Amino acid sequence: MMSERQKQFREEYQAQIHPLYSGLLHVGVMYAVGLSVIAYCISRLEGATWEWLLVVPIFVVSNLFEWWIHKYVMHRLVDVWALRAIYDRHTRQHHQYFTDGVMTVDSSREFRIIFFPWRALFTFIGMGAPAAFAIGWVLNPNAGYILLVTMVSQYLIYETFHYCCHVHENWFVRNMPFVNTIRRHHTAHHNQGLMMGYNMNLTFPIADWLMGTSDLKRGLLGHIFNGYNEKYVKQELKDTIGKHSLKEHSFDQQPA
Ligand SMILES: [Zn+2]
Ligand SMILES: [Zn+2]
């Protein structure tokens with residue numbers, strides 16, 4: 001169900017998107033740059049073996065970072081120029097555009113409200129590069145390249161999964177493991193009663209499980225493979241969820 005406020009916000013937001021904005025160009029460049037960095041780093045590897053094991057800790061740290069930046073930057077008002085802009089773009093715009101009642105887009109022009117601007121990817125690469133140099137120097141160059149491959153992959157997974165959270169219901173998002181999990185997880189995050197404190201992961205809900213900020217009460221594997229299941233929603237959150245929800249159906253009874 002779309003509230004009057006959401007409807008009005010959407011109209012105003014769409015009216016101020018620049019006429020030359022192209023959603024396909026926005027997203028196309030992002031994937032092209034991201035995949036090129038990954039391909040370049042892989043092409044620089046020389047006989048990497050054990051270094052690939054570094055993917056595991058880097059993946060876990062990236063997952064915690066994703067949780068942290070969503071909770072403490074995107075949802076916290078800090079009156080410093082760039083930080084405030086990120087907060088505005090996410091808490092005030094993205095969360096008004098999408099509520100748990102209406103989570104979807106209908107055109108590629110609306111990609112602007114889903115995907116980060118290009119500067120985000122460059123910022124993350126800029127943040128990863130010194131770490132890659134450091135680890136490349138301490139261990140070996142392979143390790144540095146693998147760090148960048150993992151970080152940029154995590155970024156592309158974030159954008160792809162988040163996009164899957166905001167498309168219309170379809171066979172793929174309903175049945176694809178991980179994607180169906182994050183889709184339900186993120187829809188719950190878009191409930192205005194939960195958005196400031198729950199379901200901060202956008203890829204795999206590992207940090208939410210670890211930090212106790214998930215709306216579910218179940219184990220790690222159960223979290224990761226939860227899919228659309230709403231059986232484990234925390235009892236103590238049900239009042240808040242009900243009070244703020246604009247949803248017409250639960251994930252357990254998805255329309256076909
Ligand atoms: Zn979202
Ligand atoms: Zn959010």
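Readers should treat all values here as calculations from the given coordinates under stated rules, not as data from a laboratory. These numbers were taken from a predicted model, which means no experiment stands behind them. Backbone-built Cβ (ideal geometry, glycine too); neighbour counts: all protein chains shown.
Which of E66, E46 has the fewest other C-beta atoms within 10 Å, and how do the rest follow up to the most?
Ordered from fewest to most neighbouring Cβ atoms within 10 Å, E66, E46 come out as E46, E66.
Under a point spin-label approximation (7 Å from Cα along Cα-to-Cβ), what is the L77-E46 distance to one decimal in nm?
Here the answer is 5.4 nm between the modelled labels.
Length gain on complete extension for the stretch W118 to L210, per 0.36 nm per residue less the alpha carbon to alpha carbon distance?
30.1 nm
Looking at the square roots a ≥ b ≥ c of the eigenvalues of the Cα gyration tensor of the range 1-49, which shape do they give, rounded for a/c under 1.5, prolate if a/b is larger than b/c, or oblate?
It comes out prolate by the Cα gyration axes.
For a label point 7 Å from the Cα of Q14 along Cα→C-beta, name the residues of the range 168-190 whose backbone N is under 16 Å from it.
168
Answer rounded, prolate or oblate for the range 14-94, using the Cα gyration tensor with square roots of eigenvalues a ≥ b ≥ c: rounded when a/c is under 1.5, else prolate when a/b is larger than b/c, else oblate.
In terms of gyration-tensor shape, oblate.
List residues of the range 16-54, by number, whose backbone nitrogen lies under 19 Å from a label position 7 Å along Cα→C-beta of N140.
41-54
Given points 7 Å out from each Cα along the Cα-Cβ axis, report the K7 to W68 separation in nanometres with one decimal.
Distance between label points: 4.3 nm.
Ordered by packing density, taken as the mean number of other Cβ atoms within 10 Å over each peptide's residues, highest first, how do 5-18, 166-179 rank?
Result, highest mean first: 166-179, 5-18.
Residue-wise, which Karplus ³J(HN,Hα) couplings in Hz belong to the range 138-145, taking 6.51 cos²θ - 1.76 cosθ + 1.60, θ = phi - 60°, and x for glycine or proline?
Each residue of the range 138-145 in turn: 6, 9, 6, x, 3, 4, x, 5 Hz.
Which of R44, R109, R184 comes first, and how do the rest follow, when ranked by fewest Cβ neighbours within 10 Å?
R44, R109, R184
Starting with the highest mean, order 74-85, 210-221 by the number of other Cβ atoms within 10 Å, averaged over the residues of each peptide.
Highest to lowest by the protection proxy: 210-221, 74-85.
What value in Å³ per residue do you get for the convex hull of the alpha-carbon atoms in the range 116-256?
Measuring per residue, one finds 133 Å³ for the Cα hull of the range 116-256.
For the range 26-38, in order, what is each residue's ³J(HN,Hα) by Karplus, 6.51 cos²θ - 1.76 cosθ + 1.60 with θ = phi - 60°, in whole Hz (x at glycine and Pro)?
3, 6, x, 5, 4, 5, 4, 5, x, 5, 5, 4, 4
For the range 4-253, what's the radius of gyration and Dmax over Cα atoms, in angstrom?
Cα only, the range 4-253: 18.8, 59 Å (Rg, Dmax).
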